[in-house]
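Asks: Sharing a structure, written as structure tokens. Questions coming.
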Amino acid sequence: MNFGEAIKSGFSNYVNFSGRAPRSEYWFWTLFAVIISIVANIIDSLTGTIGIAGSVGIVGLVISLALLLPGIAVSVRRLHDLDRTGWWLLIILTGIGAIVLLIWDCIKGTSGPNRFGADPLGA
């Protein structure tokens, strides 16, 4: 999956928490979200809409809210690719959980079908 396909998939599966997402979809979506957030912060800085004490500005807030649900959805589908339930995403609330999720997001998903669907990369 290339960058454009990953973005299209992220928006077309806006709140789809079923199925599987390969590493490429997850990481291209993450890259897209980071780039859009940087652009939003630049726009906030240039227009003077940055919040008090350097907090998120209006444009950044709108972008963050728009990307929140598809970001969660692609994260859940990435966990499904590893044959783990989406509830594992809550481990990020612990300190060490973010590291565990980062490691899981870097490893290859299960080959072939699993309980969450067919292999997104094919056989």
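Asks: Have a look at 17, 32 and point out the one that is open to solvent by 80 Å² or more (accessible area, probe 1.4 Å), in contact with a helix residue (DSSP H, G or I) (Cβ under 9 Å, 6 or more places away or on another chain) and either under 14 Å from residue 70 (Cβ atoms) or at pLDDT 90 or above (or both).
Replies: One residue alone meets the criteria, 17.
Asks: Follow-up. Take the residues in the stretch 1-29 that are assigned to a helix (DSSP H, G or I) and among the polar types (S, T, N, Q), then tell me which one is nearest to residue 111 (Cα to Cα).
Replies: So, considering only residues that are assigned to a helix (DSSP H, G or I) and among the polar types (S, T, N, Q), the one nearest to residue 111 (Cα to Cα) is 24.
Asks: Pairs only if they're at least six apart or on different chains, beta carbon under 6 angstrom, first in the stretch 105-120 and in contact (Cβ under 8 Å) with a residue 24 or more places away in the chain and within 12 Å of residue 78 (Cα to Cα), second surrounded by fewer than 16 Cβ atoms within 10 Å (Cβ to Cβ) and of a type in the set (D, E, K, R); list them, first residue then second.
Replies: If the second residue must be surrounded by fewer than 16 Cβ atoms within 10 Å (Cβ to Cβ) and of a type in the set (D, E, K, R), the pairs left are 110/83.
Asks: Okay, next question. Just name the residue that is nearest to residue 114 (Cα to Cα) out of those in the stretch 20-29 that are open to solvent by 20 Å² or more (accessible area, probe 1.4 Å) and hydrophobic (A, V, I, L, M, F, W, C).
Replies: In this case the residue turns out to be 27.
Asks: While we're here: Within the stretch 50-59, work out how many residues are open to solvent by less than 90 Å² (accessible area, probe 1.4 Å) and modelled with pLDDT of 80 or more.
Replies: Number of matching residues: 2.
Asks: Taking the stretch 71-104 on its own, how many of its residues are without any contact (Cβ under 8 Å) to a residue 24 or more places away in the chain, within 20 Å of residue 15 (Cβ to Cβ) and among the polar types (S, T, N, Q)?
Replies: 1
For every residue, the table says whether it meets (1) closer than 23 Å to residue 1 by Cα; (2) open to solvent by 50 Å² or more (accessible area, probe 1.4 Å).
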residue	(1), (2)
69	yes, yes
90	no, yes
99	no, yes
104	yes, no
113	yes, yes
122	yes, no
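The values are calculated or read from the model by the stated rules, or taken from the named source; none is laboratory data. What you see is a predicted model, and the numbers here were worked out from it, not measured in a lab. When we count neighbours, we look across all protein chains shown, and the Cβ atoms used for this are built from the backbone with ideal geometry, even at glycine. Side chains included, ligands, DNA and RNA excluded: accessible areas come from the protein's heavy atoms. Shrake-Rupley method; radii C 1.70, N 1.55, O 1.52, S 1.80 Å.
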